[in-house]
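The values are calculated or read from the model by the stated rules, or taken from the named source; none is laboratory data. What you see is a predicted model, and the numbers here were worked out from it, not measured in a lab. A quick note on method: Cβ atoms are made from the backbone with ideal geometry, for glycine too, and the neighbour counts reach across all protein chains shown.
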Amino acid sequence: MNILLADDEALARKRLRHLLEQCSGITRLHEAVSAEQVLERLRQSASDPVDILLLDIHMPGMNGVGLARQLRDSDHAPVVVFVTADPDFAVQAFDLAAADYLTKPVRLERLQQALQRAALLRGVAQRPSARAPTGQHFIPVHQHGGTERVALDSVLFCKAEQKYVSIHTPHKAYLYDGSLNELEAAHPQLFLRIHRNALATRQALRALHRTVDGNDTWLLSLHGTEECLSVSRRQLPAVRAAIQERTP
């Protein structure tokens, strides 16, 4: 996650920076002391976008609420988490679709929860386009007690398993807090529904196999894994058509 920390108090930034150093999944941390600096940083980060903005309320010039309101309609705005000593703006913050509202002094556990929530929102919000460069889009997943990002172009399939969704790549499986419906809606060009509890990546589709157990069931094999996935009767026509589209 690329994080931008906006607070005009040096001591507050230092304390929060110390907490962030104990959080996993953070690839870059930038700082700003005003709304103007935040806007300038966002303008300069088109090729390396900010994922999460940790935003104070009271800053010189435009305050944090005003900045969040301005960013709300931006196509590439980061997810906002307010971090402030003022508890009186929480309602306004959530009206602006903030991921969380933390009051100082911030506890590490509470910060980690806020970052996890923001990362999930950021992952759902990133929608790939047909012209998007490979590797530019990610899914936030659980790993080593924190949140990391898995490149969408490495995913083979996703399965709903009890409380979590598992994200499978050729070499590893990860836990994802969201739902299959969220993934399917956010990335319709990438994922194909094959069963009520599974999505497969279109580019990984290989072949359909009919079982010989007399139950007229079908399994789907994928490139990059030996695991075969069940295909429901309802989704069978769509899966068959998608495979035919990929067959030379």
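Within the range 205-220, one or more residues are touching a strand residue (DSSP E or B) at 6+ places or on another chain (Cβ under 8 Å), farther than 22 Å from residue 148 by Cα and in contact (Cβ under 8 Å) with a residue 40 or more places away in the chain. Could you tell me whether the range 196-219 includes any residue that is over 30 Å from residue 121 (Cβ atoms), acidic (Asp, Glu) and not assigned by TED's automatic domain parsing to the domain that holds residue 121? Yes, the range 196-219 contains at least one residue that is over 30 Å from residue 121 (Cβ atoms), acidic (Asp, Glu) and not assigned by TED's automatic domain parsing to the domain that holds residue 121. Selection of first residues in the range 89-107 that are within 15 Å of residue 63 (Cα to Cα) and of second residues that are of a type outside the set (A, V, I, L, M, F, W, C), restricted to Cβ pairs under 7 Å at least 6 apart or on distinct chains, gives the following pairs, ordered by first then second residue: 90/101; 93/101; 96/69; 96/72.
Within the range 69-119, the set of residues being more than 20 Å from residue 20 (Cβ to Cβ) and either part of a strand (DSSP E or B) or modelled with pLDDT of 90 or more (or both) comprises 69, 70, 71.
Checking each residue in the range 208-239 for being over 10 Å from residue 194 (Cα atoms) and part of a loop (DSSP other than H, G, I, E, B) picks out 211, 212, 213, 214, 215, 216, 217, 223, 224, 225, 226, 227. For the range 1-44, the candidate set comprises residues that are of a type in the set (Asp, Glu) and at pLDDT 90 or above; within that set, the residue that is surrounded by the fewest Cβ atoms within 10 Å (Cβ to Cβ) is 40.
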